[in-house]
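Everything on this sheet refers to the single structure shown next.
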Amino acid sequence: MSTASLAGRWAGGRQFRPVVLNVVSIVAFLVVWHFASALVNSPFFPPPYKIVQAFVNLAQHGDTMGNSLWAHCWASLYRVLVGFAAGVVLGVPLGLLMGLMPGFYAATRSIVEPFRFIPPIAWIPLAIIFFSGLPRFAFLIFIGSFFPVFTSTLVGVSRVEQIHRKVAVVYGASRFYVLTHIVLPTVLPDIMGGMRVALGAAWLTIVAAELSGGTSIGLGRMMVNYAELLQISEIVVGMVLIGALGFAMNEILLSIERRLFRWRWQVTL
Amino acid sequence: MRAEITHRYGDLLVHDGLRLAIRENEFLCICGPSGCGKTTLLDIFAGIVKPSAGEVLIDGEQADPKRHNISFVFQEASTLPWLDVRANIGTGLRIKKRPKAEIGRKVDDIIGVVGLRGFESYYPHQLSGGMKQRVSIARAFATDADLVLMDEPFVSLDQPTREKMQREVLSIWEHRRRTIVFVTHNLEEAVFLGDRVIMLSTKPARIVADIPVDLPRPRNPVSADFTALRARCANLLQEMHADDASQESASKHEA
């Protein structure tokens, strides 16, 4: 018990220090920004407090078209979540299937792999023709998040150790048991890593898709509207919100990972 | 258990008409030079590798991990890194879909027997090699296996730990009798543990000797009877190597 509480205090200490350091970093960043802006003294380089003002204004009154800031955030977030979920739901089983049937993967490699190099943005013209509304955005985000999840699952399967499979088989395990209790726990860290990469790709794609039009709502759309009005501060508010939402989702995934993979040892140099 | 096995791996003849019968609750040690197919033999006994010809019968039925209660202690570390000690030991029982209460009770029992009390919630990476192997042994004995197959389980342990583990396995076996087939290339280990020692030849493996060990337990490795028997096994092994060497030089002469 005493070692456990000691370990707990250690972890607490370890979490506290980075928080302080990060607050210091943010303050330093804002100070530098402020003075740089004062030095340049141009309406195209607003200081941080102007961004805060723009944010408060947007949050209270909405944008020029009457859409609230939360509607923009939620629209983008919702599209990301739907497309991202589709990428995971298809990427994991396909990665497992191809990983467990190397012959199948080898036979279809020349079809699967080139798709990986077509960036999601290159799909925008087709998506505009074939889809509208949510399906268009969800499709593009799906394209962006599928391959990171699929590829890392595929790679993860090769990490499954023969001896672990043998342990299960010797006790009479079925193939399904081996899949769910030996293969999946081994691959799960890779899947989670792939999901975090996919999340980055998803946010990249949503902004590009919204910039290309077809909607009046969404953070990307809001930024384009203000760009046409040359209102820099509102554009920066959109950028900061995208960064903050992406960061929050990443932190959620990381905390799930920490909870799930307590069995993994931490390498420190 | 009875077995009659001929096994080929590609063109390579691994086992050449091996025939043996193992009594219930017998502690059988199989000794042989490295590379003679001992691990494959255990895989065949476990029913996870099919022999090219012949069969393995347990109580008159073809050996099958889904039907028989078979346990395996592997040579290399085989604990599952994502499960803690308690969950690792329960693996076999969970696969066999035993009721939760029974699993809890049996895992708890065996944790005491192998001396892992207090380490129940540790993960394998927090344990030493000897403790990990103890987890594997506990996992093998937690299910009431009809047949426990052990493949050089102590080969990676240092001498004191190895001796301690040998005594522990004997005491587990004496508490809960079951049939054990223990593969080793260490003659002293075989004579110390087994009711019977079977000596295999180099590939293709044949049984060259079947030596009953009727020394009283607990055995004393420095007693005259023990060293005499160990010497007898060692001589057999030496003759085998001599045979191989003469055969080799003969074939060189022909060439």
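The values are calculated or read from the model by the stated rules, or taken from the named source; none is laboratory data. Please read these numbers as outputs of a predicted model, since none were measured by experiment. Reconstructed Cβ throughout: ideal geometry from the backbone, glycine too, with neighbour counts over all protein chains shown.
Some values worked out for this structure:
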item: Residue in region B:144-155 that is of a type in the set (A, V, I, L, M) and closer than 14 Å to B:LEU116 by Cα present; result: no
item: Residues that are closer than 30 Å to A:PHE84 by Cα and within 10 Å of chain B (Cβ to nearest Cβ), drawn from region A:162-177; result: A:TYR177
item: Unmet criterion (only one of (1) within 14 Å of chain A (Cβ to nearest Cβ); (2) surrounded by 14 or more Cβ atoms within 10 Å (Cβ to Cβ); (3) modelled with pLDDT of 90 or more) for B:GLY118; result: (2)
item: Region B:124-145 - residue that is in contact with a strand residue (DSSP E or B) (Cβ under 7 Å, 6 or more places away or on another chain) and among the β-branched types (Val, Ile, Thr) and, of those, farthest from A:PHE261 (Cα to Cα); result: B:THR143
item: Verdict on B:ILE48 being at the interface with chain A (Cβ under 9 Å from one of its Cβ atoms) and modelled with pLDDT under 90; result: yes
item: Test: residue in region A:62-81 that is over 30 Å from A:MET192 (Cα atoms) and part of a helix (DSSP H, G or I); result: yes
item: Every residue from region B:124-149 that is away from chain A (no Cβ under 11 Å) and assigned to a helix (DSSP H, G or I); result: B:GLY129, B:GLY130, B:MET131, B:LYS132, B:GLN133, B:ARG134, B:VAL135, B:ILE137, B:ALA138, B:PHE141
item: Test: residue in region A:193-202 that is free of Cβ contacts under 8 Å to residues at least 60 places away in the same chain and within 10 Å of another protein chain (Cβ to nearest Cβ); result: no
item: Verdict on A:THR180 being touching a Leu at 6+ places or on another chain (Cβ under 8 Å), β-branched (Val, Ile, Thr) and assigned by TED's automatic domain parsing to the domain that holds A:VAL92; result: no
item: Residue list for region B:57-75, restricted to those being at pLDDT below 90 and surrounded by 21 or more Cβ atoms within 10 Å (Cβ to Cβ); result: B:ILE58, B:ALA63
item: Unique residue being under 20 Å from A:GLY238 (Cβ atoms) and more than 16 Å from the chain's Cα centre (by Cα) when the list is A:PHE104, A:PHE115, A:PHE45; result: A:PHE45
item: Hits in region B:167-184 - residues which are surrounded by fewer than 17 Cβ atoms within 10 Å (Cβ to Cβ) and of a type outside the set (Ser, Thr, Tyr); result: B:ARG167, B:GLU168, B:GLU174, B:HIS175, B:ARG176, B:ARG177
item: Members of region B:24-46 that are assigned to a strand (DSSP E or B) and under 16 Å from A:VAL169 (Cα atoms); result: none
item: Test: residue in region A:254-264 that is in the same structural domain as A:LEU126 (by TED's automatic domain parsing), within 18 Å of A:VAL80 (Cβ to Cβ) and crowded, with 17+ Cβ neighbours inside 10 Å; result: no
item: Long-range neighbours under 9 Å by Cβ, at least six apart or interchain, first residue over 18 Å from B:LEU127 (Cβ atoms) within region A:257-269, second at pLDDT 65 or above and basic (Lys, Arg); result: A:GLU257/A:ARG196
item: Conditions (1) touching a helix residue (DSSP H, G or I) at 6+ places or on another chain (Cβ under 6 Å); (2) more than 12 Å from every other protein chain (Cβ to nearest Cβ); number of the one not met by B:GLU168; result: (1)
item: A:LEU126 vs. criteria touching a Pro at 6+ places or on another chain (Cβ under 6 Å) and either among the aliphatic types (A, V, I, L, M) or within 14 Å of chain B (Cβ to nearest Cβ) (or both); result: no
item: Selected residue (criterion: farthest from A:GLY172 (Cα to Cα)) from residues of region B:93-115 that are within 13 Å of chain A (Cβ to nearest Cβ) and not in a loop (DSSP other than H, G, I, E, B); result: B:ILE103
item: Residue within region A:134-157 that is within 14 Å of chain B (Cβ to nearest Cβ), within 26 Å of the chain's Cα centre (by Cα) and not charged (D, E, K, R) present; result: yes
item: Complete set of residues in region B:57-92 that are within 11 Å of another protein chain (Cβ to nearest Cβ), without any contact (Cβ under 8 Å) to a residue 24 or more places away in the chain and not in a loop (DSSP other than H, G, I, E, B); result: B:ALA87
item: Matching residues, region A:208-229, being under 28 Å from A:VAL149 (Cα atoms) and buried (at least 21 other Cβ atoms within 10 Å of the Cβ); result: A:ALA209, A:GLU210, A:GLY218, A:LEU219, A:GLY220, A:ARG221
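Okay, residues lined up against (1) modelled with pLDDT of 90 or more; (2) surrounded by fewer than 20 Cβ atoms within 10 Å (Cβ to Cβ):
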residue	(1), (2)
A:VAL112	no, yes
A:LEU140	yes, no
A:ARG159	yes, yes
A:ALA168	yes, no
A:VAL183	yes, no
A:VAL187	yes, no
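Here's the yes/no breakdown for (1) over 25 Å from B:GLY47 (Cβ atoms); (2) within 13 Å of the chain's Cα centre (by Cα); (3) free of Cβ contacts under 8 Å to residues at least 40 places away in the same chain:
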{"position": "B:SER136", "(1), (2), (3)": "no, yes, no"}
{"position": "B:ARG139", "(1), (2), (3)": "no, no, no"}
{"position": "B:THR143", "(1), (2), (3)": "no, no, no"}
{"position": "B:ASP151", "(1), (2), (3)": "no, yes, no"}
{"position": "B:SER156", "(1), (2), (3)": "yes, no, no"}
{"position": "B:GLN159", "(1), (2), (3)": "yes, no, yes"}
{"position": "B:LYS164", "(1), (2), (3)": "yes, no, yes"}
{"position": "B:ILE172", "(1), (2), (3)": "no, no, no"}
{"position": "B:ARG177", "(1), (2), (3)": "no, no, no"}
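Here's the yes/no breakdown for (1) of a type in the set (Asp, Glu); (2) more than 15 Å from the chain's Cα centre (by Cα); (3) at pLDDT 95 or above:
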residue	(1), (2), (3)
A:TRP203	no, no, no
A:GLU210	yes, yes, no
A:GLY220	no, yes, no
A:ILE232	no, yes, no
A:GLY246	no, no, no
A:ILE252	no, no, no
A:ARG258	no, yes, no
A:VAL267	no, yes, no
